[in-house]
Amino acid sequence: MSQLIGVQVERLYEMLPPKGMTMKPRPIRLCGACYAEAPCHRIEWQFKEKMKCDRHQFGLLTKCTNCETPFSIPSDWVKGECPHCSLPFAKMAKRQKIY
């Protein structure tokens with residue numbers, strides 16, 4: 001697989017969750033503050049035990065803070081905003097609660 005996609009084996013291992021850590025594929029979660037700093041989904045937001053952002057101490061969001069539409073899968077985040085009301089993910093940080 002490494003040769004097929006052009007990514008080193010070591011890098012592929014880095015993309016996997018730590019040994020013993022389980023994933024929670026739904027709901028999709030994010031930290032608006034992290035997204036404002038670097039607009040991409042972080043795999044650790046989907047760790048089953050992860051309920052807050054370790055960097056900002058905010059509870060992870062599972063839906064838009066404006067219209068409450070659940071987040072779609074990260075591959076659909078072309079514009080980095082809610083597909084229903086167009087509120088940017090980065091602006092959602094203002095309404096995140098400290099965990």
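Each reported figure results from applying straightforward, stated rules to the coordinates on display, with no laboratory input. All values derive from a computational prediction rather than experimental measurement. Ideal geometry is used to build each Cβ from the backbone, glycine not excepted, and the neighbour counts take in all protein chains shown.
For a quick check of your reading of the model, give me the residue pairs whose first member lies in the range 16-38 and is over 16 Å from residue 59 (Cα atoms), whose second is of a type in the set (Phe, Trp, Tyr) and outside any loop (DSSP other than H, G, I, E, B), with beta-carbon atoms closer than 6 Å and at least 6 apart or on different chains.
Listed by first residue and then by second, the contacts come to 21/47.
If residue 63 satisfies all but one of (1) in contact (Cβ under 8 Å) with a residue 12 or more places away in the chain; (2) under 21 Å from residue 22 (Cα atoms), what's the number of the condition it fails?
(2)
Within the range 57-69, how many residues turn out to be surrounded by 13 or more Cβ atoms within 10 Å (Cβ to Cβ) and more than 11 Å from the chain's Cα centre (by Cα)?
Result for the range 57-69: 8.
Please state which of the following conditions residue 86 fails to meet, knowing it meets all the rest: (1) within 24 Å of residue 14 (Cα to Cα); (2) hydroxyl-bearing (Ser, Thr, Tyr); (3) surrounded by fewer than 12 Cβ atoms within 10 Å (Cβ to Cβ).
With (1) within 24 Å of residue 14 (Cα to Cα); (2) hydroxyl-bearing (Ser, Thr, Tyr); (3) surrounded by fewer than 12 Cβ atoms within 10 Å (Cβ to Cβ) applied to residue 86, the lone miss is (1).
Checking residue 75 against (1) out of contact with any helix residue (DSSP H, G or I) (no Cβ under 9 Å at 6 or more places or on another chain); (2) surrounded by 15 or more Cβ atoms within 10 Å (Cβ to Cβ), only one condition comes out false. Which one?
(2)
Show me the helices (runs of 4 or more DSSP H) entirely contained within the range 1-75 in which 3 or more residues are not polar (S, T, N, Q).
The qualifying helices (runs of 4 or more DSSP H) are 9-15, 32-37.
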